[in-house]
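Undergrad: Structure in structure tokens, see below.
The values are calculated or read from the model by the stated rules, or taken from the named source; none is laboratory data. On a predicted model such as this, the values are computed, not experimentally measured, just so you know. Here Cβ is always computed from backbone atoms with ideal geometry, including for glycine, and neighbour counts include all displayed protein chains. Accessible surface areas use protein heavy atoms only, side chains included; no ligands, DNA or RNA. Shrake-Rupley method; radii C 1.70, N 1.55, O 1.52, S 1.80 Å.
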Amino acid sequence: MTYKRTITFAIIGVLVVMALAIGLPFFSRPCENLLPNFALSQLALSAVAFFVVFVALVLTIFQFRKSMARPLIKVAFNEKGQQHTTLIYKNGKITAELLPLWLINKGNAVARYFQIDFIIPENIGKQSRYKPIARDNGRYIMPCTNDGAYTLFVNKPHLGPNISIAIDYKKCIQINEDSFEIKYRIYGDWAETQKGKLKVNINKS
């Protein structure tokens, strides 16, 4: 039953009960004194008020549970949800690059319209002629939007964007660190911004 139909049936039920509560005491014993009938009517109205409060509470809980349903998107390097991988550099060249990422919905609602901003450190990032990549405080911001092209169902991994076009692999090998992190932010039609990060180890064997 939809929310609108539930409200409609609740309003009809309240009106019927109110009509019975007000009119039934007078029609049940019309020849007797009206004072007991008024008292009975007041008692019936109190019962109706309790019923109205109860229905309102049920509808509020129903709407609250509906509003709490939301996607929870996780970005990972594989279908299992791992958020770390290794970049292998051997014999003067890279033998393992960053593959397309997987998107996994761990929430309780499907997602179809959302945006993911990948935040890539300045020391490994680069511009791309294939996709607009912004600069913000020395970082490279690579936005990826899904405008209904596919639906991200719950616990059904989907092969998503490839961030390799925003990463300079030569810089990755030249840096002194043995790992780096790529943070991301996810925006959608839910309340808060979802955040996470990916870790990439560098193997210079």
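Undergrad: For Ser205, state whether it is open to solvent by less than 40 Å² (accessible area, probe 1.4 Å) and part of a loop (DSSP other than H, G, I, E, B).
TA: Against the criterion (open to solvent by less than 40 Å² (accessible area, probe 1.4 Å) and part of a loop (DSSP other than H, G, I, E, B)), Ser205 does not qualify.
Undergrad: Name the single residue, out of those in the stretch 124-145 being under 27 Å from Ala96 (Cβ atoms) and assigned to a strand (DSSP E or B), that is most open to solvent (accessible area, probe 1.4 Å).
TA: So the residue we want is Arg139.
Undergrad: Please verify whether Asp117 is within 14 Å of Gly188 (Cα to Cα) and over 12 Å from the mean Cα position of the chain (by Cα), treating the condition exactly as stated.
TA: yes
Undergrad: Could you look through the stretch 180-202, keep only residues that are within 18 Å of Ala109 (Cα to Cα) and of a type in the set (Val, Ile, Thr), and pick out the one that is surrounded by the fewest Cβ atoms within 10 Å (Cβ to Cβ)?
TA: Among residues in the stretch 180-202 that are within 18 Å of Ala109 (Cα to Cα) and of a type in the set (Val, Ile, Thr), the one surrounded by the fewest Cβ atoms within 10 Å (Cβ to Cβ) is Thr193.
Undergrad: Which of the residues that make up the stretch 74-112 are open to solvent by 100 Å² or more (accessible area, probe 1.4 Å) and among the hydrophobic types (A, V, I, L, M, F, W, C)?
TA: The one that is open to solvent by 100 Å² or more (accessible area, probe 1.4 Å) and among the hydrophobic types (A, V, I, L, M, F, W, C): Leu99.
Undergrad: Here is a further query. Within the set of pairs 6 or more residues apart or between chains, which connect a residue that is within 13 Å of Glu177 (Cβ to Cβ) inside the stretch 191-205 to a residue that is of a type in the set (Gly, Ala, Ser) with Cβ atoms less than 9 Å apart?
TA: Lys199/Ser179; Val200/Ser179; Asn201/Ser179; Ile202/Ser179; Asn203/Ala96
Undergrad: Test of understanding: among Pro121, Pro143, which residue is touching a residue at least 60 places away in the same chain (Cβ under 8 Å) and out of contact with any His (no Cβ under 7 Å at 6 or more places or on another chain)?
TA: The unique qualifying residue is Pro121.
Undergrad: Suppose we filter the stretch 147-172 for residues that are open to solvent by 70 Å² or more (accessible area, probe 1.4 Å), at positive phi and assigned to a strand (DSSP E or B); how many remain?
TA: Result for the stretch 147-172: 0.
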